[in-house]
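Please treat every number below as a calculation from the coordinates, not as lab data. The shown structure was predicted, so the numbers you read here are calculated from the model rather than taken from an experiment. We place every Cβ from the backbone using ideal geometry, glycine too, and count neighbours over all the protein chains shown.
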Amino acid sequence: MITSELKGHSGCKIYLCEKKGKKFVRKISKSRKYNIRLRKQAEKQNHFRSNLLKTPEIFDDGIINSLYYFDMEYINGMTFSSFISKNTIQNIDPALDRVLSHIGESASGKKNYTTLIYKKIFDLEEVISCDIGEYKRYCMDYDWSAVPSGTCHGDLTFENIIIYKSEPFLIDFLDSFIDTTYIDLSKMQQDTLLLWSWRNAQAAPIIKNIYIHNRICSSMDKYALGATNRLLVLNLLRILPYSDKKTCTMVKNRLNYIMKRLKKCEL
């Protein structure tokens, strides 16, 4: 039985349900076309393994009214963004340590992702109505031939990390166009630099995010930092085709800001 509808960001329906006294979460695809993507998300979550981080257990899936769904364990915690807002650095550090350590342990070998990066840029150029020439040049003007490969979450913003009894749980996995931990680091920078998880909040913990951003940057060498900066720009460009007018304006403003900041940092 459905007890309430939960907030999500992908357009999928997310419900808190209860059966025989046990609470669980049901996530239902937003369309038939999205079924494949949601199934991949469920598979990625189901296959996730880590000694440092957890994820809700998926115990059922299927099709309802031609839409794919999956049922998973209900974790009654708070998002990492809310946790950051409400806690001290001393309380934030242990969870952050575990996330960064997991990312550091997930890399396995190196791959040449030049072709895939270029293809993504050209694909975006076709579906974005405004001129993205400056961002295109910035992202393509880099050596993508030796990027560390490895499994990544795919959308590791602080909204998709749940803290429950001091344990970090990952939710809302996303299939990624390249498999590298740099994707996850760039998504975390999307929060620390642009306060993405606080975009609808009245206030954001700016000082704490500066601290977290410095922690993230200190975990990377110069090459990793340059790559994640460019993937951050790509992250924002990928949002534009699916944005309403308000979000589109916000993303464009943040792209302008981030380009000035990143170019200055790389001088």
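Brief remarks follow.
- Ordered by the count of other Cβ atoms within 10 Å of each Cβ, fewest first, Val233, Val127, Val25, Val147 give Val127, Val25, Val233, Val147.
- Proxy reagent accessibility, fewest Cβ within 10 Å first, across Asp60, Asp179: Asp60, Asp179
- Förster-model FRET efficiency, 41 Å R0, Ile207 and Asp60, C-beta, rounded to 0.05: 0.45
- GNM flexibility winner over the chain from Met188, Met78, Met250 (Cα, springs under 10 Å): Met250
- Computed over the chain, the per-residue total of -39500 (n - 2.57) for DSSP H runs of n ≥ 4 gives a 222 nm mean residue ellipticity of -15500 deg cm²/dmol, rounded to 500.
- Modelled FRET efficiency - R0 22 Å, Ser219 with Glu167, Cβ distances, 0.05 increments: 0.55
- For the residue pairs Lys44/Lys110; Lys27/Lys110; Lys7/Lys111; Lys120/Lys260; Lys30/Lys136, the alpha carbons lie more than 26 Å apart in Lys27/Lys110; Lys7/Lys111; Lys30/Lys136.
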